[in-house]
Every structure is written in C-alpha cells, then in structure tokens.
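To start, the structure under review is shown below, and the notes come after it.
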Amino acid sequence: MIKYCIKRVLSIIPVLFVISVLLFGISKAMPGDPVVHMIQGVKAEQYDQQYAYWEERLGLDKSLPEQYVAWISNLAQGELGFSTSYNKQVVSVIKDPLVNTIALNVFVLFFSLSISIYAGIQCAVKKGTFVDRFWQVFSLTGRSVPAFFVSMCLIYLFAIKLGWFPIGGMPMQLDGFNLLEWLRYLVLPVTTLTLISLAGTIQYVRNSMLESINQDYIRTARSKGLTEKVVIYSHAFRNALIPVITIVISSIGTLFTGSMITESVFGWEGLGTVLIKALNSRDAMLIIVMNFFYAFIYILTNFIADLLYAVVDPRIKLD
Amino acid sequence: MKNNNKKTSFLGSLKNMFNVRKSNEVMNNLEEEEILTPMRVIVRNFFANKLAIVGIVLFTAICVFSFAGNAYYDVSLTYTESTLRNISPGTGYLSVPSELEENGIVDIQSGVSFSVGLDEQGNIYTWGVSTNESLDLPEGTLERKYSQIAVGDRHVLALGEDGEIYGWGYNSFSQSEVNFELEQDLRGKEIEQIYASEAYSAVLTTDNEVYAWGSVLSSKVDKIPADIQGKIIDVTCATYNMLLLLDDGTVASVGVTGSDVAQIPTELTDGSVNVVDVTMSYRNGLALDDEGNIHVWGSQTHGLLKVPEIEGEVLQIASGKNSLFVATDEDIYAWGDNSLGELDAPTVENLDTLFAGYFQMYAVNTSGEVATWGNNGFLFGTDEFGRDLLKRLMSGGTVTLSVGVIAAVISTFLGLLIGMLSGFIGGKVDNLLMRFGEIIMSIPFMPIVITLSSIVGSEVSPSTRINMIMVILGLLSWPGLARLVRGQILVEREKDFVLAARALGVKEVNIVISHVLPNVVSICIVNMTLSYAGFMLTESGLSYLGFGVANPQASWGNMLNSVTNSEAIENYWWRWVLPAMCVVIAAIGINFIGTALSDAIDPKANEK
C-alpha cells in the first residue's frame, strides 16, 4: 500500500511537469504585452522607466527557460505570482472566489448525489417501469440541454415572474453576514447545476446497481428470505457503491473548478468568473495558475479515488 | 458465424452496416440467424428501437431546417437594420382588415411591425405585431372618430374629430402624448396635420407653423428657424431630419445639418422649380415639381440615387425606410433596398393612392381594392440588430452543426489512430502515447478550451476562428476514445482469427486494417455520435460566453450572447428560447441516436 502510494506520487511529478511546461508555453503564446497592459495611462516621460521597472518586477526581461524556472520554483514554494489585471497577488485574487465556488458546489454535490443515488436505485429495482423510463428520458434530455438555457429558464420563472429569488449577483453584506439572504442567492445556481449533473450520475448509479442486482449473492440473499429492503440497500447497493465512488471523487474536482457558464449567467463571483475576467484582460499569470491549479486538483482527486477503491473494496489489491 | 464474413474488407462491413446487400429470399428464423453478420444485427437492433427513430427524425428535421433554409435564403451575415430591433415573432403585417377595405380607405400608415388604417367614417383599424405596446390601444380609442392618423416607428398618434391628439405606443421620450409645454404652444391654434417618425412627433398648424416633440435633443428637429416658421405647408420626417415644403415651392431641411439629406439640391431651394410634394426615406429625399419631374438626393446607400427610367405621368411619390416609390399612370416604380421585398411592387390597374411606410407598402385602386407588398412579418421575431431570427437560426445552425461534426470527426480519427498505434505497437510507444493522453485528460476541459480559443482566436477573422474551434475541440478530446480502442485491440489481437491471419503470412498492416479495424469501428461510431452532441453543447457554451464563434457569424450559442440582463430575458423571450430550443432539439436527436446505437452494439442486449 505505502509502496503503491509512493509509486503513484512519483508518477504524478512528470505529468505535472509536462502540464506546467504546456501551460507556460500557452501563456507565452498569448498575444499582447502584459507590461503595456499594466502601465496604461502612464505619462510619456515616465513610460520607459515604468516599463523597465515592471518588466524587471514581473521577471520578463530574462530568457524563457529562466522565466520558467523562476515561475515553477516560486510555485513550488506556494507563491502563485502576480496578477496584472487585478494588480495584486494571485493568491489574494482567487481566495474569495474559491470559497464562493466551493460553497456553491458543496450544495450541488450534496443534492445531486442524494437524488441520483435514490433515483438510480429506484430505476434499477423497477427496471422497465414508468419510474425507470421517466428517469431515463430525464437523463437523456438533461444531457442535451445547455446549462445557460436551464439557468435562463429558472431566472425567468422564479426570479422574474414569481420574484421568489434574486436574479443573480452576490448578496450585499453591509451589516454582517446574513446566512438566509446568502442562501436565497444560492438557490437558483445550485438548482441549475444539480439538474445538469443529475443526468449523468443517475445513469451511472442505475447501471452499476443493475450489474450488482443480477449477481448470485443477491439471489442467495433473497432465497434466505431477507426482506427486499435489506437485499437492495444492504447487499446490492453496498456493492454497487464501488463504481459510484468514482463519480463522487471526480465531482470533488468540480468543487473547485466550478461551472464557468452557470456562474457567469448568475453573476456568481466564483473561480469561473475570475477565469473569464482574466481571459478578457489577458492576464497570463492568473490564467495559467488557475489552469494548473485545476489540473493539480484533478490529478489529486484521481489519486485519492484509486486509494479509496482499495479501502472500500478489499478485493482490489494495489500494487 | 460463417467464416466468409471475416474475409470481407472494411468497405464490405460498412456496406453490411448500411444494409445495402441484396437479399430478396424469404428466410425462416434459423437461416436468418445464421446469415446475420454482427453489423447486420446492430442495424436491425438499431432500427427496432423507437428512440433511434425519434432521434433520426429530430436530427434530420433540424439539419434540413438549417442547411436547406440557409441555402434557400442566402443569408447576408452583415445585414443589420436597427429600426427592426427586438420585434416579437408574428406575421400578418400586410393583412389589411376587410372591414377597412369595405368602408373605404382614407389613410394607411405603417410603423416597423404594424400598420394603422383610417376609413371614411373615421374609424381606425390596426394590424401587424405590437412593438413597445404600439398596438395596445388605450380604453375608448376605438369608440372615437378620427380625422387623421400618424404612425412613427413604434408609436401612433391620432387626431380626433374633436381636435384632440390621442397617442399610444412607445413613449420613452413622451413622443406619444402632448405635454404641457406643447399645449401652451398650440393654444388657440388649429391643427392642420399631424406627423410621426422615429421616436418623435410633429404637428403642422393652420398658421403654417410646425412644432416637434419627443426624441429631438440630438437631432434638434424641433428648432424651426424663425424665417420659415409660418410658411410651411407640408412636412416629411425621418430619424435625423425633417424636410419642409414651403409655400413658395421650395424645400427646407431642419435637424442634423451634416446629414446627406440636408444637402438639398440648389434648384429646389432657390425657387427655380416649383415643388408640389416632397417625401423622404431614412437618408434620402424625393421631390415632385409642378412639371411632373422628380428630384432625388441624399445618401448613396442601397442605390437610392439610381432612379429607374420613369414613364408616364407622375401621380404620386412615396417612401419607405430604405426605398423610394413613384406611381405613374402606367406603373409603380420602386428603387432602393429590397431585403424585405419592398421593391416587389405589383402592377395595379387604375391606381388611386399609394401608402408606404417603413417596410410595408399598400396600393389602393379606384374601386377600393388593396394590393400589398413588402415585409409580411418575422415568424421568429428579430434580434437586437433587427436581423430576422429565422434566417439567423438557419445560418447559425449550419455553423453549430458543422463545428460539432468536424470536431467529432477529428477527435474520433485521432482517438482511433492513437489507440490503434498504442494497442498494436505496444511497449514504449504505447506507454508514451497513453501518458500523453492522461496529461491531456487531466487538464479540465472547459477552462482549457476557453483559454485556448481566446488565445488562438483573438487575432483571426471570425470564419477562421470557427475552424480553430473545431480543431481545438478535436485535439483536446481524443484520449478517452484512444483508451477504449487500445483496450479493444488488446482483446482482438489475441483472438484466433488474427493468429490465423498471421500464420498465413498476412502483413501486420493488413491484419490491422481488414481484421481488427472492423471490430472497433462500432465503438468509434457510437463514441463519435455521443461526442458530437457534447461538442455542440460545448460550442454553444463557448459562444455564449463570447469565446467561441464571433459576430457577424451566427451560431446558436452566440445568438444568446447578447441576452445577458434580466430585461432581455423578460421582454425578448424569443431571442433566447428559440436558439436554445434548436440546440436542445439537435442534441436530443443526436443523443437518442447515440444511445440507440450503443444499445444496439451491446452484446448483452442481443441475448435471447
């Protein structure tokens, strides 16, 4: 087990290295000079001096390999770099949006998992009935509807026509943090993302559950005279859970990456909004750091998923 | 399974797949069972699935709508007409009420999407599509009698027989109501004629004075010079200027001084010809003198200065937004822009009067019958630039559907190629390719696609940008399929028929192409279909955020790009519901086909 962990961690390093080189290359291929963007509006007599100052401060006067080494060693030390569009450290730019995105996606993960596990089991148990067909059509349709359309429909219905929830944006926090108000702003984005993600996960739970229901041990359990509830939930579902863990873990990745489209429709100030803003203002450092961060989270969660497999299923041997 | 099937080439299996082999004999169950190749089983299963049929119908319908529609209409991407912005779906702009025709037409005036008629008994009639509440008549409007009507772009004025001015419709600049200041000006004066234009209105009094109100701050059409005030006998108005016909037979202009239409030819201002009628389109003037000659001036756009040869005695002149008309005793001559069929004037015998306004034209003959031409409406409404949404949807459909399919082809081709190389060569090549695939897969898709397309697409033309997006989508999404293909090949290559082929001395390349490839083709096709739907949704999302297909090129996603505020979501539902519905229909169609295909190739489904 420990040997496996060490092996996996070591294999992650070259992957991260290649990704960092790729992303660094992309950032350098971006048109436009970040220094020019930064010192817009500086007086002509100070321009050259300011340009040289910022070029040196951002480390752009060195050669590309040197810049890369400087960037990656800073990154390894936890220094994420300097955002030219916000004019502050990347860490402080993404701190609040990160919290917002995580908050949004924790709710989504919770609702989408509880609904899809329940519905998936129902579909598998009642295969071929109306319930099954309803969720099948639901998930097929759900896979075909763009997120922005779901968001807009919800805005139209619940924010404009009924006025129950705000149209979008972030709650004002003038007099301290108001949980209820904050939750009101979350309802519509959470609903959108839950509906979208349900489409895939229900299908996944259903298939994995169907596989396990047809196994011999289920027949054995039934022949022992166990109640259907016990058979389904404690024999079939626990075995079906193993593949489900994959989607749970990979959803944790999306906790951080967030949904750019939904966030942008609702004006939720999460990481997606920050990335869009960074792209519009060609903030190279912020863009590559965010992409690198996403990739890192993805690799990390995959690694954890592999480990968890072994934990929940003793039959799986890692080596 | 008979062995001769294995000899079939890739093409042969493709033929089988599409069921082109002839088999006319009636077979019993046993024989049929024996003869069916795997591909035929797939095809049979596929077409037995209702989901597949629904999917094919939906997808074919949306393809025909986009590609055939786009070819039929020959959509001009750069066309915009801001006066037609945000008109809700509807037609019947030219459906003159029969009651009006029977009662005798006195006047018909048109706005951007509606017309108002006045009959001989003083009743008013409205038809067309209401824009900015232009057809929401205030209570009691229809009970009154009127002597005159005037219609602007989105508002209506009517002069009651009691001498009061009634107005309704777009009122942001209070153009459809008489305000207090104006009431002071008009006190003790009698109204001769009322006029309305884009967001402003004007009256001509019996003292030959003109007063304008509404959106006049920038154009200053309300500033009538003192030396002509009191001499005005007729007015014609458009957005930036009013042309005034004076009692000495000359023409004067008020409003924006630098505009094309303000440069009136000198013969019309120095009194050398005696003008009897004047009319103006958006930026052109048309005048008729007492000798029956016509004079045109103004902007060169839409060929409005290219007057056709006019024969016969001129009866009347008229103008639309981008078109000019001259009616003679022989024919109606029209020139200018024909985007909405404004110039398709029919031949009218015994023409009495010609009514033209914006894009709707009416010709009434002496027996009171109406012939109409021009814009009969927009079935799906218009967008914020006044473009016909129907045409935009068709043109956007061709882009969205083809971006998806080409991206799917690229990614499937790469996935197949790399998966096969990996599976067959094995060893270091396999390791390297699979690691590379893993690296690509571990960068989250949407952020990196947006990043790349905003970098690559920023300095190229909109049409090159579309190609870039296809390539980016394709290049980033092959690893999943490559893994599948590699896995499948590792299974297939160990099978006996491959061993047999190898023992017969068949070259490795030929083994791959004619023995292994047909066995992975079905996975590829399913994968391609399902990823097609995914790419379409990705492209739409990308374009919605503004990082995908860029204006003036249309795509279903970027049509929603401008619907960013709650006002647009609430008031202009057609601008976001219709493009999104197209995406949904196409994606549902493709997903149904893909799901049915994957069910059809699933060996478990074939068990009896």
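Does the range B:481-499 include one or more residues that are free of Cβ contacts under 8 Å to residues at least 60 places away in the same chain, assigned to a loop (DSSP other than H, G, I, E, B) and either touching a helix residue (DSSP H, G or I) at 6+ places or on another chain (Cβ under 8 Å) or over 18 Å from B:GLY426 (Cβ atoms) (or both)? Among the residues of the range B:481-499, not one is free of Cβ contacts under 8 Å to residues at least 60 places away in the same chain, assigned to a loop (DSSP other than H, G, I, E, B) and either touching a helix residue (DSSP H, G or I) at 6+ places or on another chain (Cβ under 8 Å) or over 18 Å from B:GLY426 (Cβ atoms) (or both), which makes the answer no.
Of B:MET559, B:MET581, which residue is of a type in the set (A, V, I, L, M) and either outside any helix (DSSP H, G or I) or touching a residue at least 12 places away in the same chain (Cβ under 8 Å) (or both)? Residue meeting the stated conditions: B:MET559. Of the numbered criteria (1) surrounded by 15 or more Cβ atoms within 10 Å (Cβ to Cβ); (2) at pLDDT below 85; (3) over 30 Å from B:THR239 (Cβ atoms), the one B:PHE67 fails is (2).
Restricting attention to the range B:154-173, the residues that are surrounded by fewer than 16 Cβ atoms within 10 Å (Cβ to Cβ) and of a type outside the set (D, E, K, R) add up to 4. Of the residues A:ASN87, A:ASN105, the single one that is farther than 30 Å from A:TYR51 by Cβ and touching a residue at least 24 places away in the same chain (Cβ under 8 Å) is A:ASN105.
Within the range B:216-232, which residues are β-branched (Val, Ile, Thr) and more than 42 Å from the chain's Cα centre (by Cα)? Correct list: B:ILE228, B:ILE232. Hey, can you tell me all the residues within the range B:518-555 that are away from every other protein chain (no Cβ under 11 Å) and either over 28 Å from B:LEU414 (Cβ atoms) or of a type in the set (Ser, Thr, Tyr) (or both)? Of everything in the range B:518-555, those that are away from every other protein chain (no Cβ under 11 Å) and either over 28 Å from B:LEU414 (Cβ atoms) or of a type in the set (Ser, Thr, Tyr) (or both) turn out to be B:SER522, B:THR529, B:SER531, B:TYR532, B:ASN551, B:PRO552, B:ALA554, B:SER555.
For B:VAL506, the criteria (1) assigned to a loop (DSSP other than H, G, I, E, B); (2) more than 14 Å from chain A (Cβ to nearest Cβ); (3) under 35 Å from the mean Cα position of the chain (by Cα); (4) of a type in the set (A, V, I, L, M) hold in every case but one, which is (3).
Here the strands (runs of 3 or more DSSP E) wholly within the range B:325-407 that include at least 2 residues being of a type outside the set (Asp, Glu), under 25 Å from B:THR80 (Cα atoms) and in contact (Cβ under 8 Å) with a residue 40 or more places away in the chain are B:351-357, B:360-365, B:370-374. Restricting A:LEU271, A:LEU279, A:LEU286 to residues that are closer than 30 Å to A:THR84 by Cβ, surrounded by 17 or more Cβ atoms within 10 Å (Cβ to Cβ) and free of Cβ contacts under 8 Å to residues at least 40 places away in the same chain narrows the list to A:LEU279. Just to verify a result, which residue in the range A:123-146, among those that are facing chain B (nearest Cβ under 10 Å) and hydrophobic (A, V, I, L, M, F, W, C), is least open to solvent (accessible area, probe 1.4 Å)? For the range A:123-146, the residue satisfying everything is A:LEU140. Being at pLDDT below 85 and part of a helix (DSSP H, G or I) is not true of B:ILE472. Quick check, is B:GLY368 over 26 Å from B:ALA262 (Cβ atoms) and touching a Gly at 6+ places or on another chain (Cβ under 7 Å)? In short, yes.
Is it the case that the range A:215-223 has a residue that's within 20 Å of B:MET441 (Cα to Cα), surrounded by 18 or more Cβ atoms within 10 Å (Cβ to Cβ) and not acidic (Asp, Glu)? Checking the range A:215-223: not a single residue is within 20 Å of B:MET441 (Cα to Cα), surrounded by 18 or more Cβ atoms within 10 Å (Cβ to Cβ) and not acidic (Asp, Glu). In the set (1) under 29 Å from the mean Cα position of the chain (by Cα); (2) exposed (fewer than 13 other Cβ atoms within 10 Å of the Cβ), A:ILE72 fails one condition alone, (2). When A:PHE158, A:PHE149, A:PHE82, A:PHE107 are screened for being modelled with pLDDT of 85 or more, surrounded by 17 or more Cβ atoms within 10 Å (Cβ to Cβ), touching a helix residue (DSSP H, G or I) at 6+ places or on another chain (Cβ under 7 Å) and more than 14 Å from chain B (Cβ to nearest Cβ), only A:PHE107 passes. Restricting attention to the range A:238-261, the residues being open to solvent by less than 30 Å² (accessible area, probe 1.4 Å) and either under 26 Å from A:LEU210 (Cβ atoms) or within 10 Å of chain B (Cβ to nearest Cβ) (or both) number 13. Consider the range B:441-466 and keep the residues that are within 11 Å of chain A (Cβ to nearest Cβ) and out of contact with any helix residue (DSSP H, G or I) (no Cβ under 7 Å at 6 or more places or on another chain). The one that is nearest to A:THR262 (Cα to Cα) is B:SER458. Answer yes if at least one residue in the range B:467-479 is without any contact (Cβ under 8 Å) to a residue 12 or more places away in the chain, under 34 Å from the mean Cα position of the chain (by Cα) and within 19 Å of B:GLY541 (Cα to Cα), and no otherwise. Yes, the conditions are met somewhere in the range B:467-479.
Of the numbered criteria (1) modelled with pLDDT of 85 or more; (2) open to solvent by 90 Å² or more (accessible area, probe 1.4 Å), the one A:LYS43 fails is (1). When A:ILE12 is tested against (1) within 14 Å of another protein chain (Cβ to nearest Cβ); (2) β-branched (Val, Ile, Thr); (3) out of contact with any helix residue (DSSP H, G or I) (no Cβ under 7 Å at 6 or more places or on another chain), just one condition goes unmet, and that condition is (3).
Residues in the range A:189-213 that are within 26 Å of the chain's Cα centre (by Cα) and within 12 Å of chain B (Cβ to nearest Cβ): 5 in all.
I'm checking my understanding of the structure. Among residues of the range B:304-324 that are open to solvent by 20 Å² or more (accessible area, probe 1.4 Å) and either of a type in the set (S, T, N, Q) or not in a loop (DSSP other than H, G, I, E, B) (or both), which one is farthest from B:SER367 (Cα to Cα)? Taking the candidates together, the pick is B:VAL314. Could you check the range B:556-585 and list, in sequence order, the residues that are within 8 Å of another protein chain (Cβ to nearest Cβ) and among the small types (Gly, Ala, Ser)? Of everything in the range B:556-585, those that are within 8 Å of another protein chain (Cβ to nearest Cβ) and among the small types (Gly, Ala, Ser) turn out to be B:GLY557, B:SER566, B:ALA580.
Inclusion of B:GLY427 among residues that are over 30 Å from A:PHE293 (Cβ atoms), open to solvent by 20 Å² or more (accessible area, probe 1.4 Å) and at pLDDT below 90 is warranted. Look at (1) of a type outside the set (Phe, Trp, Tyr); (2) out of contact with any Lys or Arg (no Cβ under 9 Å at 6 or more places or on another chain); (3) within 30 Å of B:ILE588 (Cα to Cα) and you find that B:ASN70 fails only one, number (2).
Only one of the listed residues (B:ALA345, B:ALA287) is under 24 Å from B:GLY117 (Cβ atoms), surrounded by 15 or more Cβ atoms within 10 Å (Cβ to Cβ) and of a type in the set (Gly, Ala, Ser). That residue is B:ALA345.
The values are calculated or read from the model by the stated rules, or taken from the named source; none is laboratory data. Source: prediction; values computed, not measured. Here Cβ is always computed from backbone atoms with ideal geometry, including for glycine, and neighbour counts include all displayed protein chains. In case anyone asks, the SASA skips ligands and DNA or RNA and just uses the protein heavy atoms, side chains included. Shrake-Rupley method; radii C 1.70, N 1.55, O 1.52, S 1.80 Å.
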